[in-house]
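One structure is given here, and the rest of the page talks about it.
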Amino acid sequence: MLEGIAALVNQDPFLQRKGRFVDCVLMLESGDTRWRLTIHGGKIESIETGRFIMARHDVLMRASAETWERFWLSRPAPGYNDLFALLKKRLLTIEGNVQPFMANLFYFKGVLEMPRRLDAKAEA
Amino acid sequence: MTAFIEPVLGRYVHVSIGGKTCRVYFEEAGAGIPLLCLHTAGADGRQFRALFNDPEVTSRFRVIAFDMPWHGKSSPPAGWQHDDYRLTSEGYVEQVMAIADALQLDRPVAMGCSIGGRIALYLALKHPQRFRAIIGLQSSAFVDPYYDTEWLHRPDTHGGEVCAGAVSGLIGPDAPDAHRWETLWHYMQGGPGVFKGDLFFYKVDGDIREQVASIDTALCPLYLLTGEYDYSCPPEDTLEVARRVTGAKVTIMPGLGHFPMSENPEVFRRHLLPVLDEIVRRD
């Protein structure tokens with residue numbers, strides 16, 4: 001599912017404006033699945049998935065597959081509507097160098113919420 | 001477009017708070033029962049802009065909102081540069097009472113949101129006879145910290161961006177875009193370290209769990225209104241306060257988030273007006 005967001009992020013004027021200073025390798029963990037997003041200047045250059053033995057990343061976001069599924073619904077339920085909501089419910093952990101994340105919250109929230117647009121299209 | 005001037009008057013009052021003179025900005029509109037509005041952490045009185053322009057409210061209430069010292073158009077006290085700003089429950093209660101006294105408000109209704117909703121509980125506990133009624137929006141007795149607030153005031157993050165980014169998800173999904181982004185703009189305009197200093201009260205000093213059961217609603221009616229999508233003060237936290245406070249009346253507002261009066265004024269008023277009607281009837 002996540003692979004489909006690169007084009008949407010890279011063509012989104014708001015996210016490109018907000019994320020123009022973001023250089024970051026983000027590892028996203030969903031249960032047993034891992035995605036590695038390589039971001040330069042706010043553009044997602046690659047989204048890889050695999051086992052990533054000894055993989056390098058700057059920041060890691062970890063939640064269960066069920067949590068991400070609920071988070072990525074086009075209209076999430078209360079408590080699943082924002083990354084900080086997941087943090088509050090202790091469903092998400094963020095590890096590593098969190099400075100790029102905190103310094104660019106609108107960008108990272110927008111990127112991580114992008115699968116909702118795919119969900120909305122699937123519903124339509 | 002025809003020019004429109006709002007029926008809102010803004011002035012400054014100089015008042016002593018914590019032994020220091022503060023120049024405090026306040027706005028008001030309407031006539032009748034004083035309705036003293038308390039804004040959320042890191043924001044200012046503009047959050048109540050729709051209420052000032054609602055004739056169904058201003059025909060019966062004198063709506064007043066002040067910017068807390070350090071917020072909005074209120075100055076920090078002289079010498080502010082020597083200390084980090086930090087709000088405490090004691091200082092916040094003193095501040096609200098000082099403003100009410102300075103404006104000579106006769107048993108106002110106090111309505112506060114978030115930190116204002118928390119201090120509303122303190123006001124109900126400590127000064128019930130000074131208020132006609134108390135309305136807590138997004139009121140909880142405590143919130144367990146869920147992110148490191150150090151990030152709100154550091155040289156390697158932009159304060160305005162990080163404060164607004166931290167609260168953006170607290171706005172409900174149905175908020176009109178203009179109101180959503182106006183609400184966030186207020187956060188982007190906060191002074192350095194001010195939101196963080198307010199959260200010291202909200203997340204550390206202002207834990208009122210052990211005391212809420214002592215609130216006496218026979219002395220001062222307590223109304224609690226909470227948006228469904230608020231995860232900082234989720235409905236269950238407000239319901240827990242209501243469970244402990246005999247006589248407290250609760251409304252859970254579907255689709256709304258943490259800033260009901262600012263993020264979605266049209267929907268919020270549908271929940272607020274019955275409360276205001278009841279206050280007028282009781283009066």
All conditions in (1) within 14 Å of the chain's Cα centre (by Cα); (2) open to solvent by 10 Å² or more (accessible area, probe 1.4 Å) are true of A:His40 except (1)
For residues that are surrounded by 20 or more Cβ atoms within 10 Å (Cβ to Cβ) and part of a loop (DSSP other than H, G, I, E, B), scanning just region B:168-185, find the one that is farthest from the other protein chains (Cβ to nearest Cβ). B:Ala175
Can you go through A:Ala103, A:Ala77, A:Ala63 and tell me which one is among the small types (Gly, Ala, Ser) and either closer than 23 Å to A:Asp32 by Cα or away from chain B (no Cβ under 13 Å) (or both)? A:Ala63
Please go through region B:102-141 and give me each residue that is assigned to a helix (DSSP H, G or I) and β-branched (Val, Ile, Thr), ordered by number. B:Ile115, B:Ile119
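Working only within region A:106-124, note down all residues that are of a type in the set (A, V, I, L, M, F, W, C) and more than 10 Å from chain B (Cβ to nearest Cβ). Steps first, answer last, please.
Within region A:106-124, the first condition is being of a type in the set (A, V, I, L, M, F, W, C), and the residues that meet it are A:106, A:108, A:111-112, A:114, A:118, A:120, A:122, A:124.
If the condition is that a residue be of a type in the set (A, V, I, L, M, F, W, C) and more than 10 Å from chain B (Cβ to nearest Cβ), then A:Val111, A:Leu112, A:Met114, A:Leu118, A:Ala120, A:Ala122, A:Ala124 are the ones that fit.
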So which residues in region B:73-84 are open to solvent by 50 Å² or more (accessible area, probe 1.4 Å) and closer than 14 Å to B:Gly191 by Cα? B:Lys73, B:Trp80, B:Gln81, B:Asp83, B:Asp84
Failed condition for A:Glu3, given (1) open to solvent by 30 Å² or more (accessible area, probe 1.4 Å); (2) in contact with a Gly (Cβ under 9 Å, 6 or more places away or on another chain): (2)
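To keep it simple, each residue is scored yes or no on (1) aromatic (Phe, Trp, Tyr); (2) closer than 21 Å to A:Arg117 by Cα; (3) out of contact with any Phe, Trp or Tyr (no Cβ under 9 Å at 6 or more places or on another chain).
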site	(1), (2), (3)
A:Glu48	no, yes, no
A:Arg51	no, no, yes
A:Met54	no, no, yes
A:Trp68	yes, yes, yes
A:Ser74	no, yes, yes
A:Pro78	no, yes, no
A:Asn81	no, yes, no
A:Arg90	no, no, no
A:Pro100	no, no, no
Do we find a residue being open to solvent by 30 Å² or more (accessible area, probe 1.4 Å), without any contact (Cβ under 8 Å) to a residue 24 or more places away in the chain and among the charged types (D, E, K, R) anywhere in region B:217-240? yes
Pick from region A:77-101 the residues that are free of Cβ contacts under 8 Å to residues at least 12 places away in the same chain and in contact with a Gly (Cβ under 8 Å, 6 or more places away or on another chain): which of them is surrounded by the fewest Cβ atoms within 10 Å (Cβ to Cβ)? A:Lys89
Would you check if there is a residue in region A:54-69 being at pLDDT 95 or above, open to solvent by 40 Å² or more (accessible area, probe 1.4 Å) and part of a strand (DSSP E or B)? yes
In region B:153-167, which residues are within 9 Å of chain A (Cβ to nearest Cβ), under 15 Å from A:Gln99 (Cβ atoms) and in a helix (DSSP H, G or I)? B:Glu161, B:Val162, B:Gly165, B:Ala166
Look at B:Leu87 and say whether it is away from chain A (no Cβ under 14 Å), surrounded by 17 or more Cβ atoms within 10 Å (Cβ to Cβ), in contact (Cβ under 8 Å) with a residue 60 or more places away in the chain and part of a helix (DSSP H, G or I). no
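The values are calculated or read from the model by the stated rules, or taken from the named source; none is laboratory data. Computed from a predicted structure; not experimentally measured. Glycine also receives a Cβ, built like all others from the backbone with ideal geometry; neighbour counts cover every protein chain displayed. Just so you know, the surface numbers come from the protein's heavy atoms only, side chains and all, with ligands and any DNA or RNA stripped out. Shrake-Rupley method; radii C 1.70, N 1.55, O 1.52, S 1.80 Å.
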